[in-house]
Protein chains: 2
Amino acid sequence: MNAAHSHRSEKEPFTIGVDMGGTKIGIALISCCGEIEDYLKVPTDAEQGKEVIINKLKEQLHRIIKRSETDLTNISGIGIAAPGPLNPETGVIHSAPNLPGWIEVPLGQMISKAFQLPVIVENDANAAAWGEKMYGAAQGINDMVCLTLGTGIGGGLILNGKIYSGNNSIAGEVGHIVVNKDGPRCHCGGYGCLEAYSSATGIKDRICHKIEEMQAADPDFVPGIDAAHIKLAETFQRARQGDSLVKDIIEDAITYLGIGIVTLVNLLNPEMIVLVGGIANEGDQLLNPVKELVFHRAMKSHLKGLKIVLGKLGEYAGVTGAAALFQQSR
Amino acid sequence: MNAAHSHRSEKEPFTIGVDMGGTKIGIALISCCGEIEDYLKVPTDAEQGKEVIINKLKEQLHRIIKRSETDLTNISGIGIAAPGPLNPETGVIHSAPNLPGWIEVPLGQMISKAFQLPVIVENDANAAAWGEKMYGAAQGINDMVCLTLGTGIGGGLILNGKIYSGNNSIAGEVGHIVVNKDGPRCHCGGYGCLEAYSSATGIKDRICHKIEEMQAADPDFVPGIDAAHIKLAETFQRARQGDSLVKDIIEDAITYLGIGIVTLVNLLNPEMIVLVGGIANEGDQLLNPVKELVFHRAMKSHLKGLKIVLGKLGEYAGVTGAAALFQQSR
């Protein structure tokens with residue numbers, strides 16, 4: 001065990017990792033070597049508002065501590081992966097698109113005060129990237145981009161072995177690489193962003209839009225699909241079966257994702273691109289065409305040594321990375 | 001004066017900065033505080049081949065040293081800005097698109113041996129970025145992208161106050177951000193790269209292509225322009241006057257440059273974008289529409305504190321940056 005902790009306890013200290021998502025909150029008790037000792041998740045129910053969600057987070061933190069049969073002196077602290085923009089220095093979440101009403105929330109301070117433990121807060125995509133670097137697909141890699149392909153598209157940039165945050169701590173918006181200057185308006189205010197084509201929301205929006213167009217052209221058209229509630233996996237499944245309603249849209253999603261990665265490769269000359277998140281669950285069905293496009297189109301010099309892989313930590317990337325970042329901050 | 005140098009000479013030591021371009025070689029004698037004491041430039045005549053050019057470089061280095069009325073003991077070393085890909089660790093140029101026959105040239109070693117001086121070699125776009133950071137438009141800025149808009153489009157990334165080089169020391173290929181997935185084939189092997197629209201070569205190629213198309217449609221068509229030899233400034237001038245042959249092409253050049261910068265801003269959250277090189281000589285005529293597009297389309301959060309400016313060092317950016325990088329390497 002670590003000598004620095006020996007005055008506190010004879011047991012090995014744990015760190016708690018939290019992944020605050022718009023859909024679910026994941027909480028893990030993590031050993032000093034990154035092993036998940038316990039894990040629980042609860043729905044966020046984002047529409048219930050800030051106070052309810054923060055209380056729920058506190059309850060679940062108490063719950064995981066209680067059932068660990070350890071006490072607070074065995075918990076070195078808490079690392080929280082949260083949606084941003086946020087300030088990792090102060091632990092304040094400036095705003096969060098998927099958490100309505102979260103404006104300038106000092107989450108780090110609130111949780112630290114409630115548990116009398118040190119807390120760090122980091123952008124969720126950065127935390128996932130760091131988790132993959134420390135314990136997942138990108139171990140030993142110093143220059144990499146991790147794309148979180150989910151409801152939206154986020155990104156974590158690890159450059160020279162460190163998270164690169166940029167001037168306002170909000171670098172890495174991989175989802176807002178412009179892939180088509182004449183593309184649709186994006187919720188970010190721009191046009192033709194990668195997120196509009198290759199995120200779950202982008203794919204669903206495009207299917208809905210196509211159905212509307214087809215219904216406008218032919219009022220008798222029946223789509224045979226509940227576009228508003230379709231599961232992402234089903235859209236990929238239908239596309240593979242040749243369903244003409246979704247085939248082009250899924251092909252675009254894959255092509256534009258590849259184009260965005262070509263830009264990342266040419267610009268940042270990373271050693272690795274890691275794909276995580278819901279869409280990455282498509283596995284080789286996603287990875288292979290993306291790799292083919294990138295290795296066909298990116299600069300030859302930049303392809304030397306480049307690896308494009310799926311993440312290894314799945315839904316645990318955020319909690320693992322947040323805990324690891326906490327441990328390193330000590 | 002710096003005490004560390006007092007054993008060598010009572011005079012303040014100089015550094016020599018070299019900018020090896022495909023068109024011209026610039027050489028400057030630079031004081032320890034970045035002032036250009038003397039400057040000369042000669043045409044590269046790239047077609048004469050490697051040996052002739054390297055001999056010419058040596059001659060001109062002797063010339064600037066001789067006319068400085070100092071001796072070698074007053075020269076602390078030489079910083080060379082060169083086209084790449086190259087390895088700054090070894091001073092070897094792997095290849096150089098604008099210097100035919102330059103394959104695996106140990107330029108650093110060759111010049112070091114000839115002058116018995118320490119030499120560093122850095123990518124020319126990185127050197128220009130560093131020059132602007134140390135003595136030009138980006139003083140005090142730690143996160144910035146410098147775009148060199150010339151024959152091609154290069155880029156230097158300064159992240160967390162340092163040049164970011166990437167896994168193979170070839171990061172920063174801003175000219176190969178993909179701005180149009182269905183765009184023309186680029187010499188890099190990709191398609192629809194920024195360079196194909198917004199570089200001098202890209203603009204000229206598109207004008208030539210348009211003339212060919214118009215001549216194919218109408219054999220009597222006379223373009224009234226010598227597209228192969230047109231000066232870049234003239235194309236911008238004609239576009240402003242409404243010349244239908246070039247107007248759309250110049251508008252595209254500006255729009256795609258803006259789109260590429262939106263991607264850089266969203267991805268890297270820089271504090272500053274610096275435009276240098278021949279096209280940047282268009283000044284506000286270029287800067288204003290680019291700024292307008294970026295401030296309209298980039299993420300609002302990323303625009304906070306963002307400055308988009310022209311470089312201040314003009315053709316001296318490369319020599320100044322290379323010399324500054326040499327000084328810092330000591």
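The values are calculated or read from the model by the stated rules, or taken from the named source; none is laboratory data. Owing to the predicted nature of the structure, the values given are computational and were not obtained by experimental measurement. Positions of Cβ are generated from backbone atoms using ideal geometry, with glycine treated the same way; all protein chains shown enter the neighbour counts. The protein model used for the area step is the full one, side chains on, heavy atoms only, and it has no ligands, DNA or RNA in it. Shrake-Rupley method; radii C 1.70, N 1.55, O 1.52, S 1.80 Å.
Per-residue extension of 0.36 nm, minus the Cα-Cα distance of B:HIS229 and B:ALA114, leaves a gain of 37.6 nm for this segment. The mean number of Cβ atoms from other chains found within 10 Å of a Cβ in peptide B:251-262 is 2, as a whole number.
Rounded, prolate or oblate for the range B:40-118? Axes are the square roots of the Cα gyration tensor eigenvalues, ordered a ≥ b ≥ c, and the cut-off for rounded is a/c under 1.5. Here the range B:40-118 falls in the oblate category.
Summarising the amide proton neighbourhood of B:TYR191: residues at separation of 5 or more, or on other chains, whose placed amide H is nearer than 5 Å comprise B:CYS186. Highest mean packing first, where packing is the average number of other Cβ atoms within 10 Å per residue, the peptides B:227-233, A:83-89, B:155-161, A:284-290 line up as B:155-161, A:83-89, A:284-290, B:227-233. Taken one residue at a time, the phi angles of the range A:101-118 give Karplus couplings (6.51, -1.76, 1.60, θ = phi - 60°) of x, 7, 10, 6, 8, x, 4, x, 4, 4, 6, 4, 5, 5, 10, 6, 10, x Hz. Gly and Pro are set to x. Given axes a ≥ b ≥ c from the Cα gyration tensor, I'd like to know whether chain A is rounded (a/c under 1.5), prolate (a/b larger than b/c) or oblate. Here chain A falls in the prolate category. For the protein assembly as shown, the share of DSSP beta bridges that are antiparallel, to the nearest 5, is 60%.
Which of rounded, prolate or oblate describes the protein assembly as shown when judged by the alpha-carbon gyration tensor and an a/c cut-off of 1.5? Each step should come with its number before you reach the end.
Numbers: a/c = 2.31, a/b = 1.32, b/c = 1.75.
Note, shape of the protein assembly as shown comes out oblate.
Maximal additional length on extending the A:THR73-A:ASN160 stretch stands at 27.9 nm, based on 0.36 nm per residue less the C-alpha distance. The spacing between the range A:220-236 and the range B:173-209, judged by their C-alpha centroids, is 38 Å. For the pair the range A:74-101 / the range A:269-330, the C-alpha centres are spaced 23 Å from each other.
Residues whose amide H comes within less than 5 Å of that of B:PHE14, counting only those at least five positions distant or on another chain, are B:ILE75, B:SER76 (H built at 1.01 Å from N in the peptide plane). Summary value for the range B:123-263: 17 percent relative contact order, contacts being C-alpha pairs under 8 angstrom separated by 6+ residues. A simple spin-label model places the labels of B:ARG240 and B:LYS300 3.5 nm from each other, with each point 7 Å out along Cα-to-Cβ. Each other copy holds its own label point for A:LYS231; taking that point as 7 Å from Cα along Cα to Cβ, the gaps run 6.7 nm, nearest first. Over the range B:256-330, what number does the Rg to Rh ratio reach, with both radii from the alpha-carbon atoms and Rh per Kirkwood? Taking Rh as the inverse mean 1/r over Cα pairs, Rg/Rh reads 1.05. For chain A, the longest principal axis of the alpha carbon atoms and the long axis of helix A:317-329 meet at an angle near 40°.
Averaged over peptide B:185-194, the number of partner chain Cβ atoms lying within 10 Å of each residue's Cβ comes to 4. Close amide H contacts of A:ASP38 (hydrogens built in the peptide plane, cut-off under 5 Å, sequence separation of 5 or more or a different chain): A:LEU29. Considering helices alone, the calculated mean residue ellipticity of chain A at 222 nm is -11500 deg cm²/dmol, with DSSP H runs of length four and up weighted by -39500 (n - 2.57) and normalised per residue.
Sequence gap at least 6, Cα distance under 8 Å: using those rules, report the relative contact order of chain A to the nearest whole percent.
Dividing the mean separation by the residue count of chain A yields 20 percent.
What separates the A:LYS66 label point from its copies, with the point 7 Å along Cα to Cβ, is 8.9 nm, written shortest first.
Protein-only accessible surface at a 1.4 angstrom probe places the residues B:ASP45, B:ASP19 in the order B:ASP45, B:ASP19, largest first. Can you give me the angle between helix B:284-297 and the longest principal axis of chain B, using Cα atoms only, in degrees from 0 to 90, rounded to the nearest 10? Once rounded, the angle reads 70 degrees. Across peptide B:150-160, the mean count of Cβ atoms from other chains lying within 10 Å of each residue's own Cβ comes to 2.
Only protein heavy atoms count here; under a 1.4 Å probe, B:THR320 has an accessible surface of about 10 Å². Of the residues A:ILE170, A:VAL276, A:TYR135, the one whose Cα sits farthest toward the positive end of the charge dipole of chain A, with +1 on the Cβ of Lys and Arg and -1 on the Cβ of Asp and Glu, is A:TYR135. Label separation (A:VAL92 vs A:LEU287): 4.2 nm, computed from points 7 Å beyond Cα along the C-beta direction. Sorted from nearest, the other copies put their A:GLU51 label points 8.5 nm away, the label point being 7 Å from Cα in the direction of Cβ.
Remark: the range B:31-41, residue by residue, has Karplus-estimated 3J(HN,Hα) of 6, 5, 9, x, 7, 7, 8, 7, 8, 9, 9 Hz, where x stands for each Gly or Pro and the curve is 6.51 cos²θ - 1.76 cosθ + 1.60 at θ = phi - 60°.
Using alpha carbons only, the radius of gyration of the range B:200-330 set against its Kirkwood radius gives Rg/Rh = 1.08. Please give the FRET efficiency for B:LYS66 paired with B:VAL222, using the beta carbon to beta carbon distance and R0 = 60 Å, rounded to the nearest 0.05. Efficiency computed from Cβ-Cβ geometry: 0.70. For the listed residue pairs B:LYS41/B:LYS231; B:LYS41/B:LYS291; A:LYS304/B:LYS307, the alpha carbons are over 28 angstrom apart in B:LYS41/B:LYS291; A:LYS304/B:LYS307. Helix B:200-217 and the longest principal axis of the C-alpha atoms of chain B enclose an angle of approximately 30°. Highest mean first, the peptides A:255-265, A:177-187 sorted by other C-beta atoms within 10 Å per residue fall in the order A:255-265, A:177-187.
Here the Karplus relation 6.51 cos²θ - 1.76 cosθ + 1.60, evaluated at θ = phi - 60°, turns the backbone of the range A:236-249 into coupling constants of 5, 4, 4, 4, 5, 7, x, 4, 5, 5, 10, 4, 5, 5 Hz, with x for every Gly and Pro.
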